[in-house]
Every structure is written in structure tokens, then in C-alpha cells.
Amino acid sequence: MRFLYVLILYAAIVVIDALIIQPWLMKGVARVPFWISLVAPLALGLLFSFWGVLVAPTILAIIYAYRAHLRRRDSSAPAR
């Protein structure tokens, strides 16, 4: 019976982390929109199973950081 309680607690922690904490952190730190931080792990999970869900936050952060870098570089480029 104790195993069942631990399993339920673990499942609750994983769900709260995946659906609330990670998207909130991605929005604040990497400027990733909340909705995409929910959709990307689902989509990558369907395509690549466990590994897609595991690497989705990292891939999102890299993509958005690179986009921000390109925007800063383009805005600081001298006009011709």
C-alpha cells in the first residue's frame, strides 16, 4: 500500500513540474511563450518518445536564445 502512495505522490510531482514549473521558468528565463513550452514536449514526445520529452526544454531554450541573438545582431548592424 505504501508503494502506491509513493507512486501517486511521484506522479503528482512530475505533472506539476511538467505543466506548471517548467513552462513558468522557460517563460521567465528564456523568453519562451508559455503555450509552446507545453506543446513542444508533447509533440517531440509523440515523435521521439522519452527522448523527445527529455530534450524538448533544452531545444526550445537554444532556439529562442539563438533567435534573440540574431535579433540583437541585426538591430546593432549599421545601416547601409
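The values are calculated or read from the model by the stated rules, or taken from the named source; none is laboratory data. Treat the numbers as computed from the prediction; the structure is a model and nothing was measured. Positions of Cβ are generated from backbone atoms using ideal geometry, with glycine treated the same way; all protein chains shown enter the neighbour counts.
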Filter region 43-78 down to residues that are loosely packed, with under 13 Cβ neighbours inside 10 Å, among the aliphatic types (A, V, I, L, M) and under 23 Å from VAL14 (Cβ atoms), then give me how many there are.
2
Of all residues in region 30-62, which are touching a helix residue (DSSP H, G or I) at 6+ places or on another chain (Cβ under 8 Å) and either among the β-branched types (Val, Ile, Thr) or modelled with pLDDT under 80 (or both)?
ALA30, ARG31, VAL32, ILE36, VAL53, VAL55, ILE59
